1. Quick one: would you say Ser128 is farther than 25 Å from Asp93 by Cβ and in contact with an Asp or Glu (Cβ under 9 Å, 6 or more places away or on another chain)?
2. So, in segment 117-167, exactly how many residues are farther than 17 Å from Ala43 by Cα, surrounded by fewer than 17 Cβ atoms within 10 Å (Cβ to Cβ) and not hydrophobic (A, V, I, L, M, F, W, C)?
3. Could you list, in sequence order, all residues of segment 84-100 that are out of contact with any Leu (no Cβ under 9 Å at 6 or more places or on another chain), surrounded by 13 or more Cβ atoms within 10 Å (Cβ to Cβ) and among the hydrophobic types (A, V, I, L, M, F, W, C)?
4. Which of (1) surrounded by 11 or more Cβ atoms within 10 Å (Cβ to Cβ); (2) in contact with a strand residue (DSSP E or B) (Cβ under 7 Å, 6 or more places away or on another chain) does Lys74 not meet, given it meets every other one?
Amino acid sequence: MKVNYVFSSVIKFAVITAVFCSCNNQNTATNPQPDNSKKELWAEQARSVTYFKVDTLSDADQPWASISKSMDKKKIVKTLFDAAISGKAKAYDVFFNSDSVLQPEAIKKMIISLDTVQMEDPGTGQMSPKPIRNEITADNVTYIAFTEDWYFDAEKFSMEKKATRACLYISSFDEKGDFRGYKPLFWVGLN
């Protein structure tokens, strides 16, 4: 009888231990343990570029569609413009001097400009000034550049990139309409 009591106690202990361990494993799956890996900074302020449109390529050869099917160019551009205009994120001139913070009004003037052209009135034949609004939209943005910090974890053999700034570029053309190159607008700091 004593053997049965010891045997049943061992079985009960094993069942309770198994239940406790399985509950504990489920708990760690939903509440992951903190990452104690050792990440080493590989590169600080490294630069990467994603092209939205390459002006020297035909529409059929554009890299945009092959980059990512889920990338929303309009949303990216709108988010960066809105953050810079509202002051939610700091915007900097293209030379990125930490003292070169651009005010929201300066950003608005870069994105939306008013110009005046002389137009002929069809009824009178007289020339008169007419205001024209020029606005940079997502359709004008050809690529986005990032500065990133790169971290390498030797234990996990993984790399993490953290974007710290983003800059949108537009195509630049001369008076004849010939492509001159890409013009950076401003850098936006990312937290």
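All of the numbers you see were taken from the coordinates with simple rules; none came from a lab. Bear in mind the structure is a predicted one, so any value in this text is a computation, not a measurement. As a convention, Cβ positions derive from the backbone with ideal geometry for all residues, glycine included, and neighbour counts pool all protein chains shown.
1. Judged against the criteria, Ser128 is a match.
2. Number of matching residues: 19.
3. Result: Ile85, Phe96.
4. Unmet for Lys74, out of (1) surrounded by 11 or more Cβ atoms within 10 Å (Cβ to Cβ); (2) in contact with a strand residue (DSSP E or B) (Cβ under 7 Å, 6 or more places away or on another chain): (2).
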